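The values are calculated or read from the model by the stated rules, or taken from the named source; none is laboratory data. Because the structure is a prediction, the values reported are computed rather than measured. Positions of Cβ are backbone-derived with ideal geometry, glycine not excepted, and every protein chain shown enters the neighbour counts.
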Amino acid sequence: MADASRAGGKRTLPLAGTRIADFSRLLPGPWCSQLLGDFGADVIKVEQPEVGDYSRHNPPAFKDGSVYFHSVNGNKRSIAVDLAQPDGLAVARRLFETSDAVIESFRPGVPEKLKIDYASAQKLNPKLVYCSISGYGQDGPLARVPGHDLVIQSMTGLMGMNLDRDPQPTPPGFLAGDYAGAAMATIGVMAGLMQAKQTGQGCYIDLSMFDSLFYMNNIVLAGAMARLSGQSGMPMLQAFGGNPRYNVYVCKDGKPVAVSLLEARQWKQFCEVIGRTDMIFADEGPESRLSDHGERSALFRSTIRDFCASMDRAPLLALMEEHQIPIAPVNTPDEALAEPVVAARGLVGYTDHPVEGRIPHLVSPYKRAGLTRDARKDAPGLGEDSDDVLRDLGYADADIAKLRKSGVVTS
């Protein structure tokens, strides 16, 4: 497939020439800055000496380093600097002067204490886009409450959709709060960069994980929104377990499958394949698509349940794929990586790391469009690029030696 962004053999990435100073850690900020790095930005990861980003210590590991850390910190350079010391603050100020955007995820109030807040940075660089990522925002009643993913999800209504059937939901398998914050931060920074280019003025982005996931929960909140307007909110949209044709079932060998037979034509095709044409009803309309199917719900549920229970998963899936019917395995993480579609779409890449050996990473879905780097640079060691970054900021070797001797900068 030809690279759509190439002209005359040359390619310019969308954020080439853009510098991002990343003071964030753990997941939302680092995932955001990694994506910006994929798009060609020069991302400088600012870390605390000795400890670094806490995710460096998360299990599991490759030979030495955290898989988690490697998965969200590619295409970056790391500088380890003590921001609490005056000379460390001076390094941060030079970063503000020479960067296009800043990302941070300190607790509200900490940047002001360190004098690396937006007001301080904006005086040095009026075009700077400054994004603060936190659990609940910089103001409001929960501003100082730590915003970990589980409590974010629990408060947005996402985990409360089926409390009538399951009064104690299990922790979700996807970190929706973290990734909602990360995705919205990425979009916000890129929009801010475009605005700064057009107007010459930067902006401050108060990016709350709660706000971000709440904003994305328009379908989850649909019934409540109807009730807020004075309506009943009934019937409810059924995409969360109440629709028998959009649910999970267990096969004969005990392995689960996800069934997604929303449209009438898909249901008709499924019934014809399994020999249950008595379950096809001519009066089914588009309003039934995301309903619980009323009086027919139990019939549909037993039809699907009995069919799945009659076959082992592998032959069942082969039959469904043959007829292009959307029933898929509920994969374990290992099974997901082994899916043929993953290899066919090139979704896992590899790099040769000097310490870890040959290690995998997930490939950006934008790569096919030519919007990202051909190859991702490995996540950096703590302070691995301190000297190079300082030289880029105008420090002479003698000054760098002094910073190292005083412990302001380490590697």
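What are the residues in the range 135-147 that are loosely packed, with under 15 Cβ neighbours inside 10 Å and within 18 Å of the chain's Cα centre (by Cα), if any?
Selection gives nothing.
Looking at the range 1-117, what strands (runs of 3 or more DSSP E) fall wholly within it and have at least 3 residues that are touching a Ser or Thr at 6+ places or on another chain (Cβ under 7 Å), without any contact (Cβ under 8 Å) to a residue 12 or more places away in the chain and within 24 Å of Asp378 (Cβ to Cβ)?
Hits in the range 1-117: none.
Would you pick out the residues in the range 118-134 that are outside any helix (DSSP H, G or I), out of contact with any Leu (no Cβ under 7 Å at 6 or more places or on another chain) and small (Gly, Ala, Ser)?
Across the range 118-134, the qualifying residue is only Ser134.
For the range 93-120, give me the residue count where each residue is more than 27 Å from the chain's Cα centre (by Cα) and either within 28 Å of Ala396 (Cβ to Cβ) or crowded, with 18+ Cβ neighbours inside 10 Å (or both).
Here the count works out to 7.
Hey, among Leu382, Leu362, which residue is buried (at least 17 other Cβ atoms within 10 Å of the Cβ), assigned by TED's automatic domain parsing to the domain that holds Gln34 and either within 19 Å of Gln85 (Cα to Cα) or hydrophobic (A, V, I, L, M, F, W, C) (or both)? First the steps, then the outcome.
Values: Leu362 fails: buried (at least 17 other Cβ atoms within 10 Å of the Cβ).
Of Leu382, Leu362, the one residue that is buried (at least 17 other Cβ atoms within 10 Å of the Cβ), assigned by TED's automatic domain parsing to the domain that holds Gln34 and either within 19 Å of Gln85 (Cα to Cα) or hydrophobic (A, V, I, L, M, F, W, C) (or both) is Leu382.
Only one of Gly241, Gly223, Gly254 is assigned by TED's automatic domain parsing to the domain that holds Ala298, of a type outside the set (D, E, K, R) and either part of a loop (DSSP other than H, G, I, E, B) or free of Cβ contacts under 8 Å to residues at least 40 places away in the same chain (or both). Can you tell me which?
It is Gly254.
Can you tell me which residue within the range 148-188, out of those that are in a loop (DSSP other than H, G, I, E, B) and hydrophobic (A, V, I, L, M, F, W, C), is farthest from the chain's Cα centre (by Cα)? Before the answer, list the steps.
Applying the first criterion (in a loop (DSSP other than H, G, I, E, B)) to the range 148-188 yields 148, 156-157, 161-175.
Checking which are hydrophobic (A, V, I, L, M, F, W, C) leaves us with 161, 163, 174-175.
On the way: Met161: 22, Leu163: 26, Phe174: 9, Leu175: 8 Å.
Checked the range 148-188; the qualifying residue farthest from the chain's Cα centre (by Cα) is Leu163.
If you check every pair at least six apart or on different chains, which have Cβ atoms under 6 Å apart with a residue in the range 388-400 that is surrounded by 10 or more Cβ atoms within 10 Å (Cβ to Cβ) first and a residue that is modelled with pLDDT of 95 or more and outside any helix (DSSP H, G or I) second?
Hits for this filter: Val389/Ile44; Val389/Arg77; Val389/Ile79.
Among the hydrophobic types (A, V, I, L, M, F, W, C), more than 22 Å from Gln266 (Cβ to Cβ) and touching a residue at least 60 places away in the same chain (Cβ under 8 Å): does that describe Val355?
For Val355, the condition - among the hydrophobic types (A, V, I, L, M, F, W, C), more than 22 Å from Gln266 (Cβ to Cβ) and touching a residue at least 60 places away in the same chain (Cβ under 8 Å) - is met.
Quick one: which helices (runs of 4 or more DSSP H) sit completely within the range 312-397 and have at least 2 residues that are modelled with pLDDT under 95?
Values: elements: 313-322, 333-337, 340-344, 386-392.
Result: empty, no element qualifies.
Just wondering, is there one or more residues in the range 259-280 that are surrounded by 15 or more Cβ atoms within 10 Å (Cβ to Cβ), within 27 Å of Asp166 (Cβ to Cβ) and touching a helix residue (DSSP H, G or I) at 6+ places or on another chain (Cβ under 7 Å)?
Taking every residue of the range 259-280 in turn, at least one turns out to be surrounded by 15 or more Cβ atoms within 10 Å (Cβ to Cβ), within 27 Å of Asp166 (Cβ to Cβ) and touching a helix residue (DSSP H, G or I) at 6+ places or on another chain (Cβ under 7 Å).
Going through Leu299, Leu261 one at a time, which residue ends up being more than 28 Å from Phe174 (Cα to Cα) and among the aliphatic types (A, V, I, L, M)?
Numbers: Leu261 fails: more than 28 Å from Phe174 (Cα to Cα).
Testing whether each residue is more than 28 Å from Phe174 (Cα to Cα) and among the aliphatic types (A, V, I, L, M) leaves just Leu299.
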